[in-house]
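The values are calculated or read from the model by the stated rules, or taken from the named source; none is laboratory data. Here the structure is a predicted model, which means the values were calculated and not measured. As a convention, Cβ positions derive from the backbone with ideal geometry for all residues, glycine included, and neighbour counts pool all protein chains shown. Remember, those area values only see protein heavy atoms, side chains included, never the ligands or the DNA or RNA. Shrake-Rupley method; radii C 1.70, N 1.55, O 1.52, S 1.80 Å.
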Amino acid sequence: MTGAVKSASRTIDILEQIARQGPATAREISRATRIPESSLSYLLQTLVDRDWLCSLGDRTYTLGSAVSRLAAGAAPSPAERRRNQLKLVARATGETACLFIRREHEIETIEVELSSQLLRFTPDRGMRVPLHSFAGGKALIANMSKPVLDAYLEAGPRMRFTPFTLVDEADLRRDIAETRKRGYAISREEHTVGIVGLGVAADDKFSLSVAVPTARFDAAFEAVAAKALLEAVKALGG
């Protein structure tokens with residue numbers, strides 16, 4: 001049996017076991033399916049990321065919403081698709097990933113996938129910040145049409161959170177041009193000292209970002225995070 005076929009068989013075994021038993025711990029699933037726990041962890045996390053399973057905490061799992069959709073013949077909702085892509089971004093980067101919605105001249109955090117690392121950025125759902133201060137907001141600014149952008153820039157003044165916050169129109173226009181050229185926004189300690197963010201606009205309303213402590217930010221990480229974010233936008237049709 002090839003590795004790919006073996007993984008597919010094990011995935012089906014996991015889903016069937018939980019469907020029979022109901023919520024189950026990783027150890028219970030391992031014993032019932034005879035899948036080693038070392039191999040099981042990756043499969044379980046993948047199923048959670050794709051909404052086939054839902055983690056209840058304490059390594060306990062139940063069937064996820066994707067099973068119900070499959071049974072009903074329904075496609076994932078736009079919100080579920082955005083949430084799924086956010087999970088994939090967080091997993092690919094190993095850092096905190098957020099989904100934002102634009103609220104006039106602010107963005108609101110509506111979904112958060114926290115990094116498992118001790119030193120990490122920890123935003124709360126419902127947190128609102130000005131567009132110009134976060135990578136997710138800067139990505140939405142760069143996605144604005146010219147009339148909307150001109151009106152936004154003329155609306156000032158903008159709050160300076162750190163010595164690195166861009167608030168002047170000329171500086172913001174240069175940053176917007178760079179964002180459009182590279183395909184993603186960067187906030188270099190512009191809201192929180194010690195945190196760098198990368199962000200992309202999914203459309204004119206939603207954006208995704210990854211936040212990383214400056215100690216772990218380098219060119220290699222930027223490449224990984226940019227790839228994950230751009231792939232997420234592509235998957236969402238942006």
ask   = Yes or no: Ser38 among the hydroxyl-bearing types (Ser, Thr, Tyr), buried (at least 18 other Cβ atoms within 10 Å of the Cβ), farther than 22 Å from Ala225 by Cβ and out of contact with any strand residue (DSSP E or B) (no Cβ under 8 Å at 6 or more places or on another chain)?
value = no
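To keep it simple, each residue is scored yes or no on (1) assigned to a loop (DSSP other than H, G, I, E, B); (2) within 18 Å of Glu189 (Cβ to Cβ); (3) not small (Gly, Ala, Ser).
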position: Glu111; (1), (2), (3): no, no, yes
position: Leu118; (1), (2), (3): yes, no, yes
position: His132; (1), (2), (3): no, yes, yes
position: Gly136; (1), (2), (3): no, yes, no
position: Leu140; (1), (2), (3): no, no, yes
position: Pro147; (1), (2), (3): no, no, yes
query = If you take the residues of the stretch 135-151 that are within 26 Å of the chain's Cα centre (by Cα) and of a type outside the set (A, V, I, L, M), which of them is surrounded by the fewest Cβ atoms within 10 Å (Cβ to Cβ)?
reply = Ser145
request  = For the stretch 215-229, name all the residues that are under 12 Å from the mean Cα position of the chain (by Cα) and surrounded by fewer than 17 Cβ atoms within 10 Å (Cβ to Cβ).
outcome  = none
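Name every residue in the stretch 90-121 that is of a type in the set (Asp, Glu), under 25 Å from Ala220 (Cβ atoms) and at pLDDT 95 or above, in order of residue number.
Glu95
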ask   = Restricting attention to the stretch 49-77, and to residues there that are without any contact (Cβ under 8 Å) to a residue 24 or more places away in the chain and surrounded by 13 or more Cβ atoms within 10 Å (Cβ to Cβ), which single residue is farthest from the chain's Cα centre (by Cα)?
value = Arg69
task = Find the residue count for the stretch 1-35, including only residues that are open to solvent by 50 Å² or more (accessible area, probe 1.4 Å) and touching a residue at least 40 places away in the same chain (Cβ under 8 Å).
result = 1
The listed residue being of a type in the set (A, V, I, L, M, F, W, C) and surrounded by 15 or more Cβ atoms within 10 Å (Cβ to Cβ), out of Val212, Val193 = Val212
query = Looking at the stretch 166-182, is at least one residue in contact (Cβ under 8 Å) with a residue 40 or more places away in the chain, open to solvent by 10 Å² or more (accessible area, probe 1.4 Å) and over 13 Å from His132 (Cα atoms)?
reply = yes
note = Scanning the stretch 79-107 residue by residue, those more than 26 Å from Leu149 (Cα to Cα) and without any contact (Cβ under 8 Å) to a residue 60 or more places away in the chain turn out to be Ala79, Glu80, Arg83, Asn84, Lys87, Arg91, Gly94
